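Asker: Structure in structure tokens, see below.
Taken together, the values in this text are just the output of simple stated rules run on the coordinates, not laboratory data. Given the structure is predicted, the values throughout are model-derived calculations rather than measurements. Neighbour counts run over all protein chains shown; Cβ positions are idealised from the backbone, glycine included.
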Amino acid sequence: MKISTKGQYALKVMLDFAEHANDGYIRLREVADRQGISKTYLEQIMVLLNKADFFNTVRGYQGGYQLNRPVDGYSVGDILRITEGSLDPVEPLDLTEASDRRVGVMAQEVWDGLGEVVAGYLDTLTLQDILDAHRDEDMWDFVI
């Protein structure tokens, strides 16, 4: 499985919003600047994430985006499914072809098992888990 740039950026964007969850409504320009993503491309990603009801939005000068639920309510699996579709490593095999059906079924079981492992990991990993794993790093960052 290869995660597209859209999926990679969606995770970065969601982590950015998670890090700034207490900052109120955030403008897309701020996120785009912090993450080095063009605002136009970010807007395309936000359409997908907003359709999935990930954000509260407010229009206008004081407006922006804010996460719709607690940071631990967003799994990496959910984020990637929105941008990538299925997390399956391969498309299901067409077992109606003139190939050996038995071998095809065996191969498909391998891919299904891999998909379950990947989905199981990504579905249990939340934005909060990722932030918590890196919180200790920030503890030693002294800025003068």
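Asker: Restricting to helices (runs of 4 or more DSSP H) lying wholly in the range 1-116: which have 1 or more residues that are among the aromatic types (F, W, Y), surrounded by fewer than 14 Cβ atoms within 10 Å (Cβ to Cβ) and more than 14 Å from the chain's Cα centre (by Cα)?
Answerer: In the range 1-116, the matching helices (runs of 4 or more DSSP H) lie at 39-51.
Asker: Kindly indicate whether A52 is in contact (Cβ under 8 Å) with a residue 60 or more places away in the chain, closer than 19 Å to L127 by Cβ and hydrophobic (A, V, I, L, M, F, W, C).
Answerer: no
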